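The values are calculated or read from the model by the stated rules, or taken from the named source; none is laboratory data. It should be emphasised that the depicted structure is a prediction, and the values quoted were computed from it without experimental measurement. When we count neighbours, we look across all protein chains shown, and the Cβ atoms used for this are built from the backbone with ideal geometry, even at glycine. Accessible surface is based on the protein model in full, side chains and every heavy atom, while ligands, DNA and RNA are left aside. Shrake-Rupley method; radii C 1.70, N 1.55, O 1.52, S 1.80 Å.
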Amino acid sequence: MANVVVENLTRVFETKSRKVLALDKVSLEVRSGEVFGLLGPNGAGKTTLIRILTTLLLPTSGRALVGGYDVVKEAKKVRGIIGFSSSSERVGFDFVTARRNLWFFSQLYGLSTSIANRRIEELAALLEFQDQLDRKLYTLTTGYRQRLNIARALINDPLVVFFDEPTNGMDVFSAKKVRELFVKEAKINSRTMFLATHNMFEAEEICDRVAIIDKGRILAIDTPENLKSSLSKPVVLFETDVAGAQIDDPTQLEGVVGGTIRVDDENETAKIRVILRDEIFLEKILDILEKRRVRVYNYQILEPTLEDVFISQVGAGFAERERSVEV
Amino acid sequence: MRFSFTLWAKVVIARALIRVIAMYGDPLWILVNVGGPLLTSTALAFLYRFAGLPQFTGFAILGGGIAAYWGNVLWSMASQLSWDKRSGMLYLYITSPAPLTALLIGMSLGGILGTLPSSIAVLITGTLLFKPPFSPPTITLVLIFMLTLVALYGMGIALSSLYLFLSREAEEINEALYEPVSFLSGIYFPSIGRSSPLPIAIQAVAALIPLTIGMDSLRRTVFYAEGLSELWPNIALLAAMAVTSIYIGLKMLSYIERRGRETGDILVTLK
Ligand SMILES: Nc1ncnc2c1ncn2[C@@H]1O[C@H](COP(=O)(O)OP(=O)(O)OP(=O)(O)O)[C@@H](O)[C@H]1O
Ligand SMILES: [Mg+2]
């Protein structure tokens, strides 16, 4: 069953100075038991979509259903069956224990205290913070606090859970725990886990399907494997001396669909990573680099990543995109 | 979905309980909220005594008992929603089935219960130290005291919705409001009526604040043994103010929710 249905969803923000098209006719469906990732650079519209699906924000046009309920007309019903957490929140009562905090949130859904207590124990066990439950919130480390937020989002046994950049700023161990939990919750409890992220690794590792989004438009939706294999173009990495950084836009090079350049100041090298229209352009690029007096130390053809899928459509990587789009 | 009274009640109780636990979980809070009014009212009581106005020492002590609530309303109620907005809590409230009205009423209830001990502490200490001429408590006194609290927290509800609209930080508005309102409402001296030292125009402004009417009525029952027959206009006014401010507050809140969902920046802080 499709727990999330989005049809031609558009959202425009109008401020005094400008008009932003944050979502542009977005359509997608997510089934139960699926871990779904919304992957895109800053300002792509991820948070906006999640805000609409969690009934905080109204769409300008289009329609969205969560658990079969319309997010505009049946917002109250939607609110009973969803959970939400964002890495940018700092939620909870500092001078109250973790356990009491979770109990408080369970009351927002009208849970009985006995059921709530059972849920709290279960979730604390799953996320391994049982020993923290009776400590006041302000004494908890960031990692535990973040895990607590994830637990909170699941307290009401929701059908669909939305996470906005869930592991952003999280320590490696907590992030690993949380990712494992996402997969478990989807597979064992048939929940829909809907995450917004700009972490490619996370999207590849745990998402059953990924929607790549940029400037409010969905560029592609598929499994990470299919997305990568659909990119039939070669991805090449050139390691050069710092002179390689002169090329500020790799698409200037002949045959390059898109790419990124990273300078490593410490080793005085540059990494030019490009997607080529065809392998025949490899030689040409080597020629161009030689003419520009860029020394190439090494080059190799790489397995494509999800970012390459993004680059192949947009021409630039996440970082370049974030610099060019004023957020 | 039908209005569910059980959910409403659960949210009220949970919010009230958390408020009380949070208040007493913070030692600094106790120090400021019990210590502050205690010191102010004791200092004023001494001043009145040395100035040869012993009947006024009672005003200072009664004022200390009420000042704690006024402080709680301003610093904890009025600013609460804008803090909740900044932390992301308001987002969770809005997107959960919990009614915002229940959260605000729970918050008020918790604030009243949590402030009660400090208010009592001030009254007892002041009474023991200065032995002011309090009249024995009456039903009228209890009624007025409760109405004053309802009107005061109603003001808190209205302010907390209003703060969401204003782009200034809640703390700044609080700073701007605390002293003038404390002064005008006459927490420590009669700001309206025959014994008021203030010009009539200022008295008229002061009378618009529910706390002023509450303080005036409290003083008249406690020190002049006035009863229902004299005080009924005050009581009616206080009740009307309580109902109006709660009504305005809750209306404003549902407007904010609607408007917030349209504009996208009233309910959440943008990075
Ligand atoms: N309330 C608002 N008013 C005006 N513009 C807004 C508002 N909310 C978002 N925007 C704009 O809409 C666009 C999409 O923003 P959104 O927050 O959805 O992106 P995002 O993908 O979540 O980015 P990030 O990775 O930075 O969180 C941005 O250009 C942003 O500035
Ligand atoms: Mg975002």
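For (1) away from chain A (no Cβ under 14 Å); (2) crowded, with 19+ Cβ neighbours inside 10 Å; (3) modelled with pLDDT of 85 or more; (4) assigned to a helix (DSSP H, G or I), each residue gets a yes or a no:
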| site | (1), (2), (3), (4) |
| --- | --- |
| B:Lys10 | no, yes, yes, yes |
| B:Leu17 | no, yes, yes, yes |
| B:Trp29 | no, no, no, yes |
| B:Ala43 | yes, no, yes, yes |
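Filter the stretch B:249-271 down to the residues that are open to solvent by 60 Å² or more (accessible area, probe 1.4 Å) and at the interface with chain A (Cβ under 10 Å from one of its Cβ atoms), then identify the one that is nearest to ligand 1 (Cβ to nearest atom).
The qualifying residue nearest to ligand 1 (Cβ to nearest atom) is B:Asp265.
Which of (1) in contact with a helix residue (DSSP H, G or I) (Cβ under 7 Å, 6 or more places away or on another chain); (2) among the hydrophobic types (A, V, I, L, M, F, W, C); (3) closer than 24 Å to B:Ala170 by Cβ; (4) outside any loop (DSSP other than H, G, I, E, B) does B:Ala98 not meet, given it meets every other one?
Only one criterion is unmet by B:Ala98, namely (4).
Specify the residue that is surrounded by the fewest Cβ atoms within 10 Å (Cβ to Cβ); the eligible residues are those in the stretch A:47-59 that are closer than 14 Å to A:Val12 by Cα and within 12 Å of ligand 1 (Cβ to nearest atom).
If we take residues in the stretch A:47-59 being closer than 14 Å to A:Val12 by Cα and within 12 Å of ligand 1 (Cβ to nearest atom), then A:Leu58 is surrounded by the fewest Cβ atoms within 10 Å (Cβ to Cβ).
Suppose we keep only residues that are within 9 Å of ligand 1 (Cβ to nearest atom), open to solvent by less than 30 Å² (accessible area, probe 1.4 Å) and not charged (D, E, K, R) within the stretch A:1-31. Which one would you say is nearest to the other protein chains (Cβ to nearest Cβ)?
Looking at residues that are within 9 Å of ligand 1 (Cβ to nearest atom), open to solvent by less than 30 Å² (accessible area, probe 1.4 Å) and not charged (D, E, K, R), I get A:Ala22.
What's the number of the only condition in (1) within 12 Å of chain B (Cβ to nearest Cβ); (2) assigned to a loop (DSSP other than H, G, I, E, B) that A:Glu128 fails to meet?
Against the list (1) within 12 Å of chain B (Cβ to nearest Cβ); (2) assigned to a loop (DSSP other than H, G, I, E, B), A:Glu128 comes up short only on (1).
I need the full set of residues from the stretch A:89-105 which are closer than 21 Å to A:Met193 by Cα and more than 7 Å from chain B (Cβ to nearest Cβ), in order please.
Hits for the stretch A:89-105 are A:Leu102, A:Phe105.
When you check A:Glu128 against the structure, is it of a type in the set (Asp, Glu), within 16 Å of ligand 2 (Cβ to nearest atom) and either closer than 30 Å to A:Ser312 by Cα or surrounded by fewer than 21 Cβ atoms within 10 Å (Cβ to Cβ) (or both), yes or no?
Taking the combined requirement at face value, the residue does not satisfy it.
What tally of residues in the stretch B:248-271 results from selecting those that are of a type outside the set (A, V, I, L, M, F, W, C), over 20 Å from B:Ala78 (Cβ atoms) and within 16 Å of ligand 2 (Cβ to nearest atom)? Outline the logic, then answer.
If we filter the stretch B:248-271 for residues that are of a type outside the set (A, V, I, L, M, F, W, C), which is where we start, we get B:249, B:251, B:254-255, B:257-265, B:269, B:271.
Then keep just the ones that are over 20 Å from B:Ala78 (Cβ atoms); that gives B:258, B:261-265, B:271.
Remaining after also requiring within 16 Å of ligand 2 (Cβ to nearest atom): B:264-265, B:271.
Matching residues across the stretch B:248-271 total 3.
List the number of the failed condition for A:Asn267; all other conditions in (1) at pLDDT below 90; (2) away from ligand 2 (no atom under 16 Å from the Cβ); (3) closer than 30 Å to A:Lys215 by Cα; (4) open to solvent by 90 Å² or more (accessible area, probe 1.4 Å) hold.
That leaves (3) as the condition not met.
Pairs please, first residue from the stretch A:48-65 and among the basic types (Lys, Arg), second anywhere and within 13 Å of ligand 2 (Cβ to nearest atom), Cβ atoms under 6 Å, 6+ apart in sequence or on different chains.
Matching pairs, first to second residue: A:Arg51/A:Leu57.
For every residue, the table says whether it meets (1) in a helix (DSSP H, G or I); (2) within 26 Å of A:Leu302 (Cβ to Cβ); (3) assigned by TED's automatic domain parsing to the domain that holds A:Glu7.
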residue	(1), (2), (3)
A:Ala175	yes, yes, yes
A:Glu202	yes, yes, yes
A:Val210	no, yes, yes
A:Thr251	yes, yes, no
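I'd like to verify a number: residues in the stretch A:293-322 that are surrounded by 13 or more Cβ atoms within 10 Å (Cβ to Cβ), under 24 Å from A:Asn267 (Cβ atoms) and of a type in the set (Lys, Arg), how many?
Looking only at that region, the number is 1.
Please enumerate the residues belonging to the stretch A:89-103 that are within 18 Å of B:Pro27 (Cα to Cα) and either free of Cβ contacts under 8 Å to residues at least 12 places away in the same chain or among the charged types (D, E, K, R) (or both).
A:Asp94
So is A:Tyr69 facing chain B (nearest Cβ under 9 Å) and open to solvent by 30 Å² or more (accessible area, probe 1.4 Å) or not?
no
At negative phi and assigned to a loop (DSSP other than H, G, I, E, B) - does that describe any residue in the stretch A:80-87?
Within the stretch A:80-87 (the criterion being at negative phi and assigned to a loop (DSSP other than H, G, I, E, B)), the answer is yes, since at least one residue qualifies.
Failed condition for A:Thr15, given (1) over 21 Å from A:Val161 (Cβ atoms); (2) of a type outside the set (D, E, K, R); (3) within 16 Å of ligand 2 (Cβ to nearest atom), with all others met?
(3)
So B:Ile157 passes all but one of these: (1) in a helix (DSSP H, G or I); (2) open to solvent by 60 Å² or more (accessible area, probe 1.4 Å). Which condition number does it fail?
Of the numbered conditions (1) in a helix (DSSP H, G or I); (2) open to solvent by 60 Å² or more (accessible area, probe 1.4 Å), the odd one out for B:Ile157 is (2).
Scanning the stretch A:42-78 for residues that are over 22 Å from the mean Cα position of the chain (by Cα) and part of a loop (DSSP other than H, G, I, E, B), which turns out nearest to ligand 2 (Cβ to nearest atom)?
A:Thr60
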